[in-house]
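Since every read-out is calculated from the coordinates, none of them should be taken as a lab result. Remember, it's a predicted structure, so these values are computed and weren't measured experimentally. Counting neighbours? That spans all protein chains shown, and the Cβs are built from the backbone with ideal geometry, glycine included.
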Amino acid sequence: MTLGGCRVKKRQGLPVSASGTLQARPGLGGQRENYVTTDQPELPETLDVIAVGAHPDDVEIAVGGTLASMVRRGLRVGIVDLTDGEPTPLSPGPEVRLEEARNAAEVLGVQVRETLALPNRRLFDGFEERIALAKVFRRYRPKMVMGIADKTPMASPDHWQASQITDAAVFYSRLTKWDELFENLPVHRITSQIWYPLGFQNLSLPEGGGRFISDISDTLDVKLESIRVYKTQFPPTKQRVFELVESQNRLLGVTAGFKAGEMLISTSALGIRDVFGTLCGGDQSSS
Ligand SMILES: [Zn+2]
């Protein structure tokens, strides 16, 4: 199944792409549009995918298996937490939670994790919040962004705010004539946006352009391990969280013919170029 022309070229060992110096690219005749201006900040190596959560552990719980699988396929993946998730009842403080977040990222194998300084419990979709996240997109220039799908009743209202901030930041990332708001970071158009459900306690299905199941048969264990890293959030008394996550992932996977799966929602309709090949696993013979 293809997602809007989101093919990724293998890019191993590529250097950081922006130099920040005034120079013409060789062999292009020195036309004006080929110059990089001195005002542009130096940029890190690009990421293929960025998954955004409100708190450290949101992304692991919802799409940890998919991210681990993407990393195994050679993609460069990043996680952005809008807040540090603190305070919480059992955590001694933000340093411990951040350490857990770093360790969980290591378990999944993702290349980048950034935790923004927006306030936990008081996260609201606002202009500054949208700009803060769009700056991250402009710096890392991902092809795909994954964000929370919907409200999470009985859980933190930050999740719904994060969902709206992410939707807006995907749009802000590509807007021209606003350079002063983005520290002159270059505009970046994101190819594909995906929503992930985080409300596990109801059976309603979020709306969207197309739901599909991501195969995490080989990475469910890694996902669960990355969640267990958050000892301050999931002590033994909260063992039911693991049962909930695992049983849902098993059920979703089985419905699509996998051992385990995560549900994702494309914001646009999904297209299939090769219907038989996609749905029959590439077996084109009738024998
Ligand atoms: Zn959360």
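The table for this structure:
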{"item": "For His55, His159, His188, order by how many other beta-carbon atoms lie within 10 Å, fewest first", "result": "His188, His159, His55"}
{"item": "Neighbour-count order for Glu180, Glu114, Glu60, Glu106, fewest beta carbons within 10 angstrom listed first", "result": "Glu180, Glu106, Glu114, Glu60"}
{"item": "Relative contact order %, the stretch 137-199, counting alpha carbon pairs below 8 Å whose residues are six or more apart", "result": "53 percent"}
{"item": "Estimated FRET transfer efficiency when R0 is 30 angstrom, pair Thr278-Lys238 (beta carbons, to 0.05)", "result": "0.20"}
{"item": "Computed label-point distance, nm, for sites Leu251 and Leu175 using a 7 Å Cα→Cβ extension", "result": "4.0 nm"}
{"item": "Qualifying trypsin sites (Lys or Arg not before Pro) in the stretch 110-147, DSSP loop, other Cβ atoms within 10 Å at most 15", "result": "Arg121, Arg122"}
{"item": "Computed E for Leu270/Thr191 - FRET, C-beta separation, R0 22 angstrom, nearest 0.05", "result": "0.95"}
{"item": "Lysine pairs in the stretch 44-269 with Cα atoms under 21 Å, if 8 or more residues apart or on separate chains", "result": "5"}
